Amino acid sequence: MQYIDLDIVRHAAAILAAVEEAGQNIGCEYEQPEGGLCGQPAAYLVPDATRAGGGGQDVERRPAMFCREHLEEMLGHAPEEQPVFRRVVGPERDEG
């Protein structure tokens, strides 16, 4: 079972709405080895991304958004289909 706190969904939705309303895109938050963020349009929300905090001494877990390329790199494989959005078709019933 996978789950995500609705407050994270609300927060991410509010950010997306504000940025899209301004005619912009959310940038990928992947930290490049040479410094700085990727910045390509993000395609995935990772609700509990772990990353180094201030000065590299602290570790923080927080929501982050990534492009497909960097999420694939972090996962070690292509992102899987999102099962929560697949349509489940049940057996047909005879309504007679």
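Key figures for this structure:
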read-out: Which numbered condition residue 59 misses (of (1) loosely packed, with under 10 Cβ neighbours inside 10 Å; (2) touching a strand residue (DSSP E or B) at 6+ places or on another chain (Cβ under 7 Å); (3) modelled with pLDDT of 90 or more); value: (3)
read-out: Hits in the stretch 12-41 (condition: of a type in the set (D, E, K, R), part of a loop (DSSP other than H, G, I, E, B) and either surrounded by 10 or more Cβ atoms within 10 Å (Cβ to Cβ) or touching a His at 6+ places or on another chain (Cβ under 8 Å) (or both)); value: 29
read-out: Pair list, Cβ under 7 Å, 6 or more apart: the stretch 60-85 residue at positive phi, other residue among the β-branched types (Val, Ile, Thr) and at pLDDT below 80; value: none
read-out: Some residue of the stretch 67-75 being over 22 Å from residue 20 (Cβ atoms) and at pLDDT below 80; value: no
read-out: Condition check for residue 26: modelled with pLDDT of 90 or more and among the β-branched types (Val, Ile, Thr); value: yes
read-out: Criterion: surrounded by 11 or more Cβ atoms within 10 Å (Cβ to Cβ), in a loop (DSSP other than H, G, I, E, B) and at pLDDT below 90 - qualifying residue of 4, 8; value: 4
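The values are calculated or read from the model by the stated rules, or taken from the named source; none is laboratory data. What you see is a predicted model; the values in this text were computed from it and never measured. Cβ coordinates were reconstructed from backbone atoms using ideal geometry, including for glycine residues, and neighbour counts include every protein chain displayed.
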